[in-house]
Amino acid sequence: MSSVVIYCRSGFESDAAAEINHHAALQGVAGYVKAKPNTGYVSFETYAASDAELLIKKIDFQSLVFARQWFAGVFVSKMSIEDRVSEVKAVVADFPLCGELRVETPDTNEGKELSKFCKKFSTPLAKSLEKQNKLTRAVKKNRPILHVMFLANDTAFVGYSFPSNNSPFFMGIPRLRMPSDAPSRSTLKLDEAFHVFVPPEEMEQRVQPGMRAVDLGACPGGWTYQLVRRGMFVAAIDNGPMNQNLMDSGQVKHFREDGFKYLPEKRNNTWLVCDMVEKPKKVTNLMLDWMVNGFASELIFNLKLPMKKRFEEVYQCLELIREELPKYEIEYTLQAKHLYHDREEITVQVQIHKIPQKLFS
């Protein structure tokens, strides 16, 4: 292995490149990035062949904001169109036994043109790899995942990732359906956030019917819709109008107030969600106020990105949270991701595990 291949949103290659450079340097791994605008991926080329696998083991995938998926792999070009299976088999000869095959493309228009071919190619490749004893017949969740990412019909990166430190989704994208009765398409952002940030085995405990939630900047109700459909009771904070169907549900109370000024009367809210359009640091400081005051124990919020230095702005905001919460002896888990349904923003999730009662008693 000599490359760490990272899938990202088209147009954010420079941010993904800056991020992997940052984390590789922290691990003391030397290399360089190859990135072209609007290709939907970047590769970090390591000088030592073993360092690519080291990086996908040592760097916590959840700590990467702009990466949808990654794997350690090698670049293969000018494959014989008549026998691409043999070309791939030759590459994986030294790979470990894998428990799943994913034949993918970058998320671009060019990639979409290859998707039909990838589906057809998957079956003969899988059967051949099974005979080669490089792929299990049934999916094995504890085995590495074999990735073949086609850039053209004769060009691909071939490699593997580890299921304990990657995205569980094909191409790193959860497949969600737009609800026909949702007030806006922004509803998919929060739906995806729940799928990405809350593990399936914790969903029942952490996202329960009857919980209380606050939606700051709720109008017209795209994010409130996701809370209501999960059975929560929601305080929707916005000066604008809310979707009438949500109001008729009996689960929503609308407060016509500025989301930056609203304060809950009680500390009985489990979830706070926020998708307000404002400078990232202003939103981050507002979220810190809610955390420190114990107004919610789980938060999901979006940070709108500037036109330039997006990586730097995001990491400054995340570092602000990491610096401030320990001052108040608050124990927490922090995740952030540029989700598939995000555009010029990233989504942050904070789970508060312990907060000293003395802070607000």
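Observations
- Taking amide H as placed 1.01 Å from N in the peptide plane, L135 has its amide H under 5 Å from the amide H of C98, E130, each at least 5 places away in sequence or on another chain.
- Local electrostatic count, E100, Cβ distance below 13 Å [Lys/Arg +1, Asp/Glu -1]: +4
- Chymotrypsin sites (Phe, Trp or Tyr not before Pro) within the range 171-247, DSSP loop, no more than 11 other Cβ atoms inside 10 Å: none
- Axis angle, to the nearest 10 degrees, between helix 109-131 and the longest C-alpha principal axis of the chain: 60 degrees.
- Convex hull projection area averaged over all views, the range 3-172, Cα basis, nm²: 8.9 nm²
- Within the chain, percent of DSSP bridges classed antiparallel, to nearest 5: 65 percent
- Summing charges over neighbours of K141, with a neighbour being any other residue whose Cβ is under 15 Å away from its Cβ, gives +2 when K and R count +1 and D and E count -1.
- Per residue, the convex hull around the alpha carbon atoms of the range 294-345 comes to 89 Å³.
- Of all beta bridges that DSSP places with both ends in the range 52-187, some 65 percent have antiparallel geometry.
- Beta bridges per DSSP with both ends in the range 187-359, % antiparallel, nearest 5: 45 percent
- Magnitude of the charge dipole for the chain, about its Cα centre and with charges confined to Cβ atoms of Lys, Arg (+1) and Asp, Glu (-1), is about 620 debye.
- Taking a ≥ b ≥ c as the square roots of the eigenvalues of the Cα gyration tensor, the range 132-263 is prolate, since a/c reaches 1.5 or more and a/b is larger than b/c.
- Computed across the range 258-361, the Kirkwood hydrodynamic radius from all distinct Cα-Cα pairs reaches 14.1 Å.
- Flagged links, alpha-carbon separation over 28 Å, of K89/K116; K58/K279; K141/K281; K34/K131; K36/K58; K57/K89: K58/K279; K141/K281; K34/K131
- Vicinal HN-Hα couplings computed from phi for the range 75-91 (Karplus, 6.51 cos²θ - 1.76 cosθ + 1.60; Hz; Gly/Pro x): 8, 10, 10, 6, 5, 5, 4, 6, 8, 5, 4, 5, 5, 5, 4, 5, 5
- Long-range Cα-Cα pairs in the range 26-120 (distance over 19 Å), rounded percent: 54 percent
- Note, ³J(HN,Hα) from phi for the range 19-27, Karplus 6.51, -1.76, 1.60, rounded to Hz, x at Gly and Pro: 5, 5, 4, 4, 6, 5, 4, 5, 8
- For R68, net neighbour charge (Lys/Arg +1, Asp/Glu -1) across residues whose Cβ lies under 10 Å away: +1
- For the range 187-359, average projected area of the Cα convex hull in nm²: 9.6 nm²
- In order along the range 215-226, phi translates into HN-Hα couplings of 10, 8, x, 6, 4, x, x, x, 7, 4, 4, 5 Hz, rounded to whole numbers, per the Karplus curve 6.51 cos²θ - 1.76 cosθ + 1.60 with θ = phi - 60° and x for Gly and Pro.
- Size descriptors for the range 93-151, from the alpha-carbon set: Rg then Dmax equal 12.1, 34 Å.
- Computed from the C-beta positions of M203 and D154 and an R0 of 45 Å, the FRET efficiency is 0.60 to the nearest 0.05.
- Mean projected area in nm² (Cα convex hull; one quarter of hull surface) for the chain: 19.0 nm²
Quick note: the coordinates plus some simple rules give every number you see, no bench work behind them. Worth saying up front: this structure is predicted, and the values here are computed from it rather than measured. Because the Cβ atoms are built from the backbone with ideal geometry, glycine has one as well, and the counts that use them run over all protein chains shown.
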